[in-house]
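The block underneath contains the structure these notes are about, expressed in structure tokens.
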Amino acid sequence: MAGIQLHNLSKIFKLKEEDVVALNKINLNIKDESFVTIVGKSGCGKTTLLRILSSLESKSEGEIVFTQGNTVITSPKIAIVFQEPRLMPWLTIRDNMKLSLIKIKNRHEVNRRVDHYLELLDLWRFQDAYPNQISGGMAQRVALGRTLCYEPDIILMDEPLGALDIYNRKILQDEIIKIFENCKKTIVFVTHDVDEALYMGQQVVVMNNGNLVNHMRISESHSKDMNSHEMKALKRALTHSIMDSRIIRNDFSA
Amino acid sequence: MAGIQLHNLSKIFKLKEEDVVALNKINLNIKDESFVTIVGKSGCGKTTLLRILSSLESKSEGEIVFTQGNTVITSPKIAIVFQEPRLMPWLTIRDNMKLSLIKIKNRHEVNRRVDHYLELLDLWRFQDAYPNQISGGMAQRVALGRTLCYEPDIILMDEPLGALDIYNRKILQDEIIKIFENCKKTIVFVTHDVDEALYMGQQVVVMNNGNLVNHMRISESHSKDMNSHEMKALKRALTHSIMDSRIIRNDFSA
Amino acid sequence: MKNYRGVVLPLLLILIWGIGSQYGLFNSFIVPSPLRVLSTGWNLIAKGILLKHLSVSLWRVFAGFAIAFFLAFPLAVMVGLSKKIHAYLVPSLEFIRHIPPIAMIPLLILWFGIGETSKLSVIVLATFFPIFMNTFSGIVNSNVDLEEVGVNFGFTRAEIFLKITLPQAMPSVFTGIQLGLGYSWRALMGAELIAASSGLGYMIIEAETLSRIDIIFVGVMVIGILGYAIDWFFFKIAAYFFRWEGKSNGRDTTPQFIKNI
Amino acid sequence: MKNYRGVVLPLLLILIWGIGSQYGLFNSFIVPSPLRVLSTGWNLIAKGILLKHLSVSLWRVFAGFAIAFFLAFPLAVMVGLSKKIHAYLVPSLEFIRHIPPIAMIPLLILWFGIGETSKLSVIVLATFFPIFMNTFSGIVNSNVDLEEVGVNFGFTRAEIFLKITLPQAMPSVFTGIQLGLGYSWRALMGAELIAASSGLGYMIIEAETLSRIDIIFVGVMVIGILGYAIDWFFFKIAAYFFRWEGKSNGRDTTPQFIKNI
Amino acid sequence: TNKASEIEAKEKVSISYVKLPLNVPSIIEKKEQLFEKAFEKEGIEVVFSEITEGSKMTEAMASGSLEFSNALGGTSAILAAANGLDVKIIGIYSRAPEAFTLMAKDSAIKEIKDLKGKKIVGPKGTILHQLLLSALAEAGLSVDDVEFINMSIGDGLVALSSDNADVALVAGPAVTKSIQSGNHVLITGKGLLDATIVIATSGKMIEQYPEIVKTYMDVHNESLAYMKNNPDKTYELVAEETGISVEEVKSMYAWYDFNPEITVHDISELKKTQAFLIENGMLEKEIEIESLIADMTH
Ligand SMILES: Nc1ncnc2c1ncn2[C@@H]1O[C@H](COP(=O)(O)OP(=O)(O)OP(=O)(O)O)[C@@H](O)[C@H]1O
Ligand SMILES: Nc1ncnc2c1ncn2[C@@H]1O[C@H](COP(=O)(O)OP(=O)(O)OP(=O)(O)O)[C@@H](O)[C@H]1O
Ligand SMILES: [Mg+2]
Ligand SMILES: [Mg+2]
């Protein structure tokens, strides 16, 4: 329910005396109700981009504009699924999920949402466990559930399924797509899995070294046949684009 | 340089009043100088198994025997790459890598190893950075480097490449294989990536719900053609085995 | 079951004390025999003197501690969350932190008279800083990564503090409370130097001028045991409210500060 | 640059004090005017009296603090690392923790005579517990996940402690040291109640019997300022040795306890 | 044990040093190093310990870290002896009834009778306390007619000045300070009690080291002679040591009788003190005052 426009967005970190350019004058237009996946080598600036979008990090330069339809809005309901689980060790899994619903006073509504996601994420049995009693993949699911419970308009996901096996991954991929389609969200999804990037995204953005180097439009619809020739060709191109990224383009705002 | 035999190994956690069976009477024989990969759904007991092997967790039942050639040894040089990076936030990347070399008094040797892995893991530029100044994938590489520096005889790896992009992942897969081949290590490698499991392992073990459900012998050699029909068949079988795991077998000690 | 361990050392000391007294190894003017102390104690109890002093002091300790806590804790929160308030207040607090409360007695009498207020203020001065500094330290050392989760979900500053920062600061806060409670008891002597006519501190001070070291022993024992007992109860109650469940991984998730009492 | 903030409050108080004295709002017997205090202070400096008292007290504070630290720190480490030692020792320590050191003076005189030892022991008693409890709390609340890394690489218990546990406990240890230093100063009065003939505490006690409240003011100011200054220096030095570099992410990795001084 | 330790030579004697309220002999002894000079010949080191509280002096004696209590309050000596300390009075240090006073701020309080229902502050169980009770008794009042609150002299004066108390028990140099700040003296100890301060040591010292005790008393006498012969120098030294002005020293000096001899009157004063302690529940069992006396002044 909200679009994002980036104009010349830059982020420079200081490391001792040196500058680390995490984002280099990025231009990107993420349309309302679109699903964008971001891929790129480790350290290329993906997390930094998401952190700036969710105001956890300040930008060094450039501009971010959120839009709703044709009007500019200042603070969309935006939330991130962090790269690390970041669960509160003193809260049970259930209470960790509830945490994002602090503003909702209606007890029934809170329980409805939490129950729904506990079920969906196959965490029902562990709802009373504490974070150090669950496995890495389970923790990642809790973190995902926590943000989905919150029902933001823009969801930023930083490798949300990275620690999951193919079985769970498949289920949750489809679940996220379902949420996207039914609830009209804008989703920015970071992943290292090329198949996942193609399967999930309507568009795939490739980053390298703080720059946007490629932008592929896949398909508006999510009923893709990953074994089609077309998808295989896209996969080869995307893989190539990640591995070797000489062509530097930063402007995909069109 | 050491083999591992598991006899009826069990681990039961208590969760409130309930028992959680993380490992259920597991029998497995990991031969000296072999490369075993473990796959399985999230929460099936992979991490628990590695933690028990490295004595970080007590077992509830059963026996673990380490062997060297034909003799039983009590404490092989064994180390784990944790599922989380677990870096010391007060140490630089370099000092974090050095941490595992505390016993080595020879300064040159320490620096040689650390330099080697900093280079290899593409962390050279960030050696003086602190853990909260690097990206998730970089942190994972530091954690990997720290254990490789230590040069244990048995290396247990818990999704060591899970947060890496395909480019870095490929490089490090081959590097780990090189280390395995040149240094005669025994490696137990947990991953969620089916291709990786087949590419890396001489054998692949599938776990489900605390049980060993499948055991595939791939090939002694690591020069595999992932596009061969054979490998594709193996991949289908493995995927099937992970997704649907009705046939329960726990004895792969032969 | 393993509680016997805690009494080994005290019993040993009492044994040495008893034997030493029996064989006249100690000067009985300064170290009265355990029996003498016991009979003095019994006497003070029987006459109701001990109970009177004790109840007065107990009240002072609680009131003083409570005031100190309700000053120190919110102040530490403010100072911990706002650099500005920190800059204005902390230098002055640092100054006060080093001043012996006993040296302040003339001023305290001037400001608060010779009634309860000035006595309580001595206790407050002694109790304030452990609570303040530990709370402060707990707050500023909390994990920023977890606080970001709160920011992410649109928490207000108060919500972040209550739901994320404070739970992390609790071990530190509890250490502060424990230290503070201890110093409340310790400050009794100083407090009851000001115009007291009852209280354990007064009893000890009077006993000293009267060279009744047996009474001092009784007073010291009572303070030690009572202080210990209150500390223990306090943490039982705290443990009840703060119990984190689940123990395994060889790792017990009950907060360590509760586990170790 | 922003340091002016710290002096706003003290200057305000001095202003009120000055104006109040000027217009006779305070009883001048109890609150001498700032000028009077200044001239008394100058006099004490000129005659070398202040310096004498100060150097004696400074020595006592440092010696007492050092002894307390070298007792409390290792003990806290032992108790923090071994449940057994914890079980044996802590109940006795808890008992002692609540006892006013001033009540112990007769016993201290018996054990240590009336020389420096008994004075230092009063300071040690006052200083021990903040260091002990904060170090203990820092150790038991350290992150087990990180300690497992040490176990993983075959560290000895000592190595795990030194390389992994202690660095995490440092913020807590520093809070303990800060509190301890403060209580060392505060204990001066109690310490110099025992047969002292010099020292700031003695100076204040003597001034009280002579009803020289101006001298008490001077003493209090000197203790406050000196205490503050030493605390400050100590933490500058600590910050130098413990600086973690790199600031960004809006997150500064210098330990908070150092950043906030 | 007696035999063995008799052979053991003393290497060090520790003497308490109390300069206030106005302990001129002690000040002279210290300033002129009279003890050091005398004991040097016997190869004994002299250590001064500044202990002002009587109870701490007796504790220090019990612990063996103090040999001579120079200027010990009569009350402290009796209390310590009654509680089992081996203490002997070897001379009188001073009598100064006029140095002990009751002071008031409100000029409406003129005599003891006006104290009825008033708030009185001062140190309990001391000569001052005794003075208050004697004064009350003489005026036909009892303790219950006033509100007595225990606090030190210094704090008491602060309480008086800040109108938190009506009357304060004051002694020593604080008296002049108090007068300067507008308070007035209601009554002094004159005619009520002597305020006897004694010189004490342990029975063991007298028994095992009679020469040391003798040397000690010789020095004390020497100091008294010095005071008599050099009055101006004496005032000057005292003023210098205490920070009190020479004029004040002179006027206060007149209050003191430093004759060391233990007279019959002194003994009856000590008995009066003991009676006071017992009457007010501060002492349980009576001792024979004469058994405390070991007059070494001759
Ligand atoms: N300390 C604990 N207390 C209770 N249960 C635990 C504890 N540690 C692990 N478990 C349970 O044991 C099971 C196995 O966990 P483990 O971490 O081994 O899974 P895993 O195979 O590594 O999963 P993942 O792929 O998600 O990392 C899980 O159900 C988990 O909840
Ligand atoms: N606080 C910081 N201080 C200094 N440099 C930083 C900081 N945070 C990030 N960086 C640097 O910015 C660059 C981009 O980091 P970022 O976390 O955005 O990478 P990423 O694309 O998310 O990588 P990964 O896939 O490994 O998670 C990296 O080189 C990193 O070292
Ligand atoms: Mg990242
Ligand atoms: Mg795992």
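The values are calculated or read from the model by the stated rules, or taken from the named source; none is laboratory data. Quantities reported herein were computed from a predicted structural model and do not represent experimental measurements. Cβ atoms come from the backbone with ideal geometry, glycine included; neighbour counts cover every protein chain shown. To get the accessible areas, we keep the full protein, side chains included, count just its heavy atoms, and leave off ligands, DNA and RNA. Shrake-Rupley method; radii C 1.70, N 1.55, O 1.52, S 1.80 Å.
Summary of values
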{"item": "Counted residues, the stretch E:134-159 - those being open to solvent by less than 20 Å² (accessible area, probe 1.4 Å) and closer than 13 Å to E:K113 by Cα", "result": "3"}
{"item": "The listed residue being outside any helix (DSSP H, G or I) and either out of contact with any Cys (no Cβ under 9 Å at 6 or more places or on another chain) or within 14 Å of chain D (Cβ to nearest Cβ) (or both), out of C:I164, C:I123, C:I109, C:I114", "result": "C:I114"}
{"item": "Check on B:G137, open to solvent by less than 10 Å² (accessible area, probe 1.4 Å), within 16 Å of ligand 2 (Cβ to nearest atom), within 26 Å of A:T239 (Cβ to Cβ) and of a type in the set (G, A, S)", "result": "yes"}
{"item": "Which numbered condition E:A81 fails, given (1) open to solvent by 10 Å² or more (accessible area, probe 1.4 Å); (2) of a type in the set (A, V, I, L, M, F, W, C); (3) assigned to a strand (DSSP E or B)", "result": "(3)"}
{"item": "Qualifying residues in the stretch D:106-127 (those that are surrounded by 23 or more Cβ atoms within 10 Å (Cβ to Cβ), touching a Lys or Arg at 6+ places or on another chain (Cβ under 8 Å) and modelled with pLDDT of 85 or more) - the one farthest from D:L181 (Cα to Cα)", "result": "D:K119"}
{"item": "Residue within the stretch B:63-75 that is in contact (Cβ under 8 Å) with a residue 24 or more places away in the chain, in contact with a Gly (Cβ under 6 Å, 6 or more places away or on another chain) and either more than 14 Å from chain A (Cβ to nearest Cβ) or over 27 Å from A:L123 (Cα atoms) (or both) present", "result": "yes"}
{"item": "Residue list for the stretch E:202-239, restricted to those being more than 11 Å from E:P25 (Cα to Cα), of a type outside the set (A, V, I, L, M) and touching a residue at least 60 places away in the same chain (Cβ under 8 Å)", "result": "E:S202, E:G203, E:K204, E:E207, E:Q208, E:Y209, E:E211, E:K214, E:T215, E:Y216, E:D218"}
{"item": "Conditions (1) more than 27 Å from E:D166 (Cα to Cα); (2) open to solvent by 10 Å² or more (accessible area, probe 1.4 Å); number of the one not met by E:V219", "result": "(2)"}
{"item": "Test: C:L89 is within 9 Å of chain D (Cβ to nearest Cβ) and surrounded by 17 or more Cβ atoms within 10 Å (Cβ to Cβ)", "result": "yes"}
{"item": "Flag for B:I102 being within 30 Å of D:A239 (Cα to Cα), free of Cβ contacts under 8 Å to residues at least 24 places away in the same chain and surrounded by 17 or more Cβ atoms within 10 Å (Cβ to Cβ)", "result": "yes"}
{"item": "Some residue of the stretch A:70-87 being acidic (D, E), within 30 Å of A:D244 (Cβ to Cβ) and open to solvent by 20 Å² or more (accessible area, probe 1.4 Å)", "result": "yes"}
{"item": "Residue check, B:I38 part of a strand (DSSP E or B), touching a residue at least 40 places away in the same chain (Cβ under 8 Å) and within 14 Å of chain A (Cβ to nearest Cβ)", "result": "yes"}
{"item": "Lone unmet requirement of (1) more than 9 Å from ligand 2 (Cβ to nearest atom); (2) out of contact with any Gly (no Cβ under 6 Å at 6 or more places or on another chain) for A:T37", "result": "(2)"}
{"item": "Which numbered condition A:L99 misses (of (1) more than 21 Å from A:F13 (Cβ to Cβ); (2) within 14 Å of chain B (Cβ to nearest Cβ))", "result": "(2)"}
{"item": "Within the stretch E:102-136, tally of residues that are under 23 Å from the mean Cα position of the chain (by Cα) and either in a helix (DSSP H, G or I) or within 13 Å of another protein chain (Cβ to nearest Cβ) (or both)", "result": "18"}
{"item": "Selection status of B:A233, in contact with a strand residue (DSSP E or B) (Cβ under 9 Å, 6 or more places away or on another chain) and more than 15 Å from ligand 1 (Cβ to nearest atom)", "result": "no"}
{"item": "Yes/no for D:A87 being of a type outside the set (D, E), under 21 Å from C:V7 (Cα atoms), in contact with a Gly (Cβ under 9 Å, 6 or more places away or on another chain) and part of a helix (DSSP H, G or I)", "result": "yes"}
{"item": "Criterion violated by B:M207 - all others in (1) closer than 30 Å to B:V110 by Cα; (2) out of contact with any Leu (no Cβ under 7 Å at 6 or more places or on another chain); (3) surrounded by 23 or more Cβ atoms within 10 Å (Cβ to Cβ) satisfied", "result": "(1)"}
{"item": "Spans of strands (runs of 3 or more DSSP E) in the stretch E:164-269 with at least 1 residues closer than 22 Å to E:F68 by Cα and of a type in the set (G, A, S)", "result": "E:196-202"}
{"item": "Residue check for B:D19: surrounded by fewer than 22 Cβ atoms within 10 Å (Cβ to Cβ), in a loop (DSSP other than H, G, I, E, B) and either away from ligand 4 (no atom under 16 Å from the Cβ) or of a type in the set (V, I, T) (or both)", "result": "no"}
{"item": "Candidate set: the stretch C:21-64, residues that are open to solvent by less than 60 Å² (accessible area, probe 1.4 Å) and in a loop (DSSP other than H, G, I, E, B); chosen: the one farthest from the other protein chains (Cβ to nearest Cβ)", "result": "C:G48"}
{"item": "Verdict on C:I177 being in a helix (DSSP H, G or I), more than 7 Å from every other protein chain (Cβ to nearest Cβ), modelled with pLDDT of 90 or more and under 26 Å from D:P130 (Cα atoms)", "result": "yes"}
{"item": "Any hit, the stretch D:147-156, residues being outside any loop (DSSP other than H, G, I, E, B), surrounded by fewer than 22 Cβ atoms within 10 Å (Cβ to Cβ) and within 14 Å of chain E (Cβ to nearest Cβ)", "result": "no"}
{"item": "Selection within the stretch A:121-152 - under 20 Å from the mean Cα position of the chain (by Cα) and either within 21 Å of B:V20 (Cβ to Cβ) or within 14 Å of chain B (Cβ to nearest Cβ) (or both)", "result": "A:L121, A:G136, A:G137, A:M138, A:A139, A:Q140, A:R141, A:V142, A:A143, A:L144, A:G145"}
{"item": "Residue match in the stretch E:199-215 (condition: modelled with pLDDT of 85 or more, more than 13 Å from every other protein chain (Cβ to nearest Cβ), open to solvent by 40 Å² or more (accessible area, probe 1.4 Å) and in contact with a Leu (Cβ under 8 Å, 6 or more places away or on another chain))", "result": "no"}
{"item": "Residue in the stretch B:191-211 that is in contact with an Asp or Glu (Cβ under 9 Å, 6 or more places away or on another chain), at pLDDT 90 or above, hydroxyl-bearing (S, T, Y) and in a strand (DSSP E or B) present", "result": "no"}
{"item": "Number of the condition not met by C:G18 [criteria: (1) open to solvent by less than 60 Å² (accessible area, probe 1.4 Å); (2) within 30 Å of C:A191 (Cβ to Cβ); (3) in contact with a helix residue (DSSP H, G or I) (Cβ under 6 Å, 6 or more places away or on another chain)]", "result": "(2)"}
